[in-house]
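**Q** Handing you a structure now.
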Amino acid sequence: MSSLPRRASRSLNLTLFALVLASSSVAVAGCGRSASSSIGGPPPPPGSGYVASPIAAIPTTAAGVTQAPVGTAGKAPPVASLGVDGGDPVPGQLGTYIWADGGSDSAWLPGAPLTVSSGERLSLTMAPEVPLRSWRARYTAARATDPNGAKALLEGVGRPTFPAPPAGTWTVEVALTFAEDVGSASYFWQITVSP
């Protein structure tokens, strides 16, 4: 099991590499364009070095957050981050997931560290945003090695938002089921809740 975090990290690195490579391709494809080679104009002359980019535009939300079109899932689930209103979101540890044509089974993870105050609400964001069918948040003692005895925080549809657990240090799991049968994924945080 010790290679799982390396695999998850590698998947994240490969995803980030693909995004950088795609961005670079768009930037390079735009170099050297003249007014006549813009979209809708006549094609560039042969040998001009212009290569059309096969990358399609990805829709964004009003806040400028990239949203992956349904049916165009990448090689791994999105990065899920958890935070409180006005705080910096913390990316979670990716646990068990089923995604597109693959998946990975994981042990119960301790989670990425996050500190919040009692009574605060936690909100989850994804990069890229992927439509959800449903979600569930639950917690265990931070020293737990499995979900036995986990207590429910909340479950629902739409953007995951739920109350912090009581004061203490906990492992919080947020299980997401993505729309359009793209898959599912669990993410973990080790949350210290101050009174």
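**Q** Only residues that are closer than 18 Å to Ser118 by Cβ, among the small types (Gly, Ala, Ser) and not in a strand (DSSP E or B): list them for segment 139-174, please.
**A** Residues satisfying the conditions are Ala142, Ala164, Ala167.
**Q** Next up: Given the criteria more than 16 Å from Ala80 (Cα to Cα), modelled with pLDDT of 95 or more and aromatic (Phe, Trp, Tyr), does Tyr187 qualify?
**A** Judged against the criteria, Tyr187 is not a match.
**Q** Can you tell me which condition Thr177 does not meet? The list is (1) out of contact with any Leu (no Cβ under 6 Å at 6 or more places or on another chain); (2) closer than 19 Å to Val79 by Cβ; (3) part of a loop (DSSP other than H, G, I, E, B); (4) not basic (Lys, Arg), and all the others hold.
**A** Answer for Thr177: the failing condition is (3).
**Q** Okay, next question. Take the residues of segment 74-83 that are at pLDDT 95 or above and of a type in the set (A, V, I, L, M): which is surrounded by the fewest Cβ atoms within 10 Å (Cβ to Cβ)?
**A** Val79
**Q** Also: Residues in segment 108-127 that are in a loop (DSSP other than H, G, I, E, B) and either buried (at least 19 other Cβ atoms within 10 Å of the Cβ) or acidic (Asp, Glu) (or both): how many?
**A** Looking only at that region, the number is 3.
**Q** Quick test for you: out of Thr171, Thr96, Thr140, Thr177, pick the one residue that is of a type in the set (Val, Ile, Thr), at negative phi and surrounded by fewer than 17 Cβ atoms within 10 Å (Cβ to Cβ).
**A** One residue alone meets the criteria, Thr177.
The values are calculated or read from the model by the stated rules, or taken from the named source; none is laboratory data. On a predicted model such as this, the values are computed, not experimentally measured, just so you know. Please note: Cβ atoms are built from the backbone with ideal geometry, for glycine as well, and neighbour counts cover all protein chains shown.
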